[in-house]
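Peer 1: Encoded as structure tokens, here's the structure I'll be asking about.
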Amino acid sequence: FLPHLVASLEQVDVTYIMIKPDGVQRGLVGEIISRFEKKGFKLTGLKLFQCPKELAEEHYKDLSSKSFFPSLIEYITSGPVVCMAWEGVGVVASARKLIGATNPLQAEPGTIRGDLAVQTGRNVVHGSDSPENGKREIGLWFNEVEVIEWTPAQAPWLME
Ligand code: IDP
Ligand code: MG
């Protein structure tokens, strides 16, 4: 049994991370990307994108009955977003921890929302809430050719 194969036997997940229009307008793109990069996850997709209304509605369809839904769609389509696909063992839950609570006032210091945001309606970043939704959302926001299969040079220094 080869120990270096153990990591590859664990579930490798993908998550959809998006810097929302406020994060882009406030010049937080580099800051936010670097947190996922430094943690050691693998970036497999990245683009600046103006989201059409229909896509925003599809992405947030589970929230369509909420009173804030129209303002949420207006917010997400109000300017360019940065769309990212990240891959790694446990990446979905770990990214949610890095992002912090939905309400930035309740998000712990050290998290993206805890450090960089104040209001739920301007909470700078999105992260998928389950491995299933990670796959679904990456399929929604990216074409097949935009998601890249590659091996980072640091891989053996991150995973045993
Ligand atoms: P999440 O982004 O932490 O997963 P969700 O409950 O999935 O939180 O809500 C999606 C997004 O909808 C939030 O990130 C936030 O932008 C917005 N939102 C959620 N609840 C409210 C609210 O009560 N008022 C305004 N916007 C909200
Ligand atoms: Mg959510």
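Peer 1: Can you give me the number of residues within region 25-58 that are closer than 12 Å to Val82 by Cα and not charged (D, E, K, R)? Steps first, please.
Peer 2: Going residue by residue through region 25-58, those that are closer than 12 Å to Val82 by Cα are 25, 27-30, 32-33, 45-51.
Adding the requirement that they be not charged (D, E, K, R) leaves 25, 27-30, 32-33, 45-46, 48-51.
Matching residues across region 25-58 total 13.
Peer 1: Continuing with the same structure: Among (1) touching a Lys or Arg at 6+ places or on another chain (Cβ under 6 Å); (2) more than 15 Å from ligand 2 (Cβ to nearest atom); (3) of a type outside the set (D, E, K, R), which single condition is Gly45 missing?
Peer 2: Among (1) touching a Lys or Arg at 6+ places or on another chain (Cβ under 6 Å); (2) more than 15 Å from ligand 2 (Cβ to nearest atom); (3) of a type outside the set (D, E, K, R), Gly45 violates only (1).
Peer 1: Also, I was wondering about something else. Of the residues Gly88, Gly79, Gly100, only one is over 17 Å from Gln25 (Cβ atoms) and more than 15 Å from ligand 2 (Cβ to nearest atom); which?
Peer 2: Numbers: Gly79 fails: over 17 Å from Gln25 (Cβ atoms); Gly100 fails: more than 15 Å from ligand 2 (Cβ to nearest atom).
Within the list Gly88, Gly79, Gly100, the selection yields Gly88.
Peer 1: Follow-up. Does Lys66 satisfy the criteria of being assigned to a loop (DSSP other than H, G, I, E, B), of a type outside the set (S, T, N, Q) and either modelled with pLDDT of 95 or more or on the phi > 0 side of the Ramachandran plot (or both)?
Peer 2: On the way: assigned to a loop (DSSP other than H, G, I, E, B): yes; of a type outside the set (S, T, N, Q): yes; either modelled with pLDDT of 95 or more or on the phi > 0 side of the Ramachandran plot (or both): yes.
It is true that Lys66 is assigned to a loop (DSSP other than H, G, I, E, B), of a type outside the set (S, T, N, Q) and either modelled with pLDDT of 95 or more or on the phi > 0 side of the Ramachandran plot (or both).
Peer 1: Then there is this: Among the residues that make up region 129-141, is at least one of them among the charged types (D, E, K, R) and more than 16 Å from ligand 2 (Cβ to nearest atom)? Show your work before the answer.
Peer 2: Filtering region 129-141 down to residues among the charged types (D, E, K, R) leaves 129, 132, 135-137.
Still in the running and more than 16 Å from ligand 2 (Cβ to nearest atom): none.
No - not one qualifying residue is present in region 129-141.
Peer 1: A further question follows. Report, by residue number, each residue of region 102-127 that is of a type in the set (Gly, Ala, Ser), more than 17 Å from Thr15 (Cα to Cα) and within 12 Å of ligand 1 (Cβ to nearest atom).
Peer 2: Restricting attention to region 102-127, the residues satisfying the condition of being of a type in the set (Gly, Ala, Ser) are 107, 110, 114, 117, 121, 127.
Pick out the ones that are also more than 17 Å from Thr15 (Cα to Cα) and you get 107, 110, 114, 117, 121.
Ala107, Ala117, Gly121, listed by residue number.
Peer 1: Pro109 - would you say it is more than 16 Å from ligand 2 (Cβ to nearest atom) and under 27 Å from Leu158 (Cα atoms)? Outline the logic, then answer.
Peer 2: Working: more than 16 Å from ligand 2 (Cβ to nearest atom): yes; under 27 Å from Leu158 (Cα atoms): yes.
Criteria met by Pro109.
Peer 1: So, in region 73-127, how many residues would count as being free of Cβ contacts under 8 Å to residues at least 24 places away in the same chain and within 17 Å of Lys42 (Cα to Cα)?
Peer 2: Number satisfying all stated conditions: 2.
Peer 1: Among Ile73, Ile33, which is the only one that is in a helix (DSSP H, G or I) and within 12 Å of ligand 1 (Cβ to nearest atom)?
Peer 2: Details: Ile33 fails: within 12 Å of ligand 1 (Cβ to nearest atom).
Matching residue, one of Ile73, Ile33: Ile73.
Peer 1: Oh, and also: Do we have Trp157 as assigned to a loop (DSSP other than H, G, I, E, B), more than 14 Å from ligand 2 (Cβ to nearest atom) and either within 16 Å of the chain's Cα centre (by Cα) or among the aromatic types (Phe, Trp, Tyr) (or both) here? Steps first, answer last, please.
Peer 2: Details: assigned to a loop (DSSP other than H, G, I, E, B): no; more than 14 Å from ligand 2 (Cβ to nearest atom): yes; either within 16 Å of the chain's Cα centre (by Cα) or among the aromatic types (Phe, Trp, Tyr) (or both): yes.
In short, no.
Peer 1: What is the one condition in (1) within 15 Å of ligand 2 (Cβ to nearest atom); (2) under 13 Å from the mean Cα position of the chain (by Cα); (3) small (Gly, Ala, Ser) that Ser64 does not satisfy?
Peer 2: Only one criterion is unmet by Ser64, namely (2).
Peer 1: Another one. Would you check if there is a residue in region 32-40 being among the aromatic types (Phe, Trp, Tyr) and touching a helix residue (DSSP H, G or I) at 6+ places or on another chain (Cβ under 6 Å)? Walk me through how you get there before you give the answer.
Peer 2: So the first thing to find is which residues in region 32-40 are among the aromatic types (Phe, Trp, Tyr), and the list is 36.
Still in the list and also touching a helix residue (DSSP H, G or I) at 6+ places or on another chain (Cβ under 6 Å): none.
No, there is no match, as no residue in region 32-40 is among the aromatic types (Phe, Trp, Tyr) and touching a helix residue (DSSP H, G or I) at 6+ places or on another chain (Cβ under 6 Å).
Peer 1: Out of all the residues in region 44-54, is one or more within 15 Å of ligand 1 (Cβ to nearest atom) and touching a strand residue (DSSP E or B) at 6+ places or on another chain (Cβ under 9 Å)? Give the derivation first.
Peer 2: Quick first cut of region 44-54, residues within 15 Å of ligand 1 (Cβ to nearest atom) only: 51.
After this cut, where a residue has to be touching a strand residue (DSSP E or B) at 6+ places or on another chain (Cβ under 9 Å) as well, the list is 51.
Looking through region 44-54, at least one residue is within 15 Å of ligand 1 (Cβ to nearest atom) and touching a strand residue (DSSP E or B) at 6+ places or on another chain (Cβ under 9 Å).
Residue by residue, here is whether (1) touching a helix residue (DSSP H, G or I) at 6+ places or on another chain (Cβ under 7 Å); (2) within 14 Å of Tyr16 (Cα to Cα); (3) surrounded by 14 or more Cβ atoms within 10 Å (Cβ to Cβ) holds:
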| residue | (1), (2), (3) |
| --- | --- |
| Thr44 | no, yes, yes |
| Ala85 | yes, yes, yes |
| Val91 | no, yes, yes |
| Gly100 | yes, no, yes |
| Ala107 | yes, no, yes |
| Asn133 | no, yes, yes |
| Trp141 | no, yes, yes |
| Trp150 | no, no, no |
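The values are calculated or read from the model by the stated rules, or taken from the named source; none is laboratory data. A quick note: this is a predicted structure, and the numbers were derived from the prediction, not measured. Because the Cβ atoms are built from the backbone with ideal geometry, glycine has one as well, and the counts that use them run over all protein chains shown.
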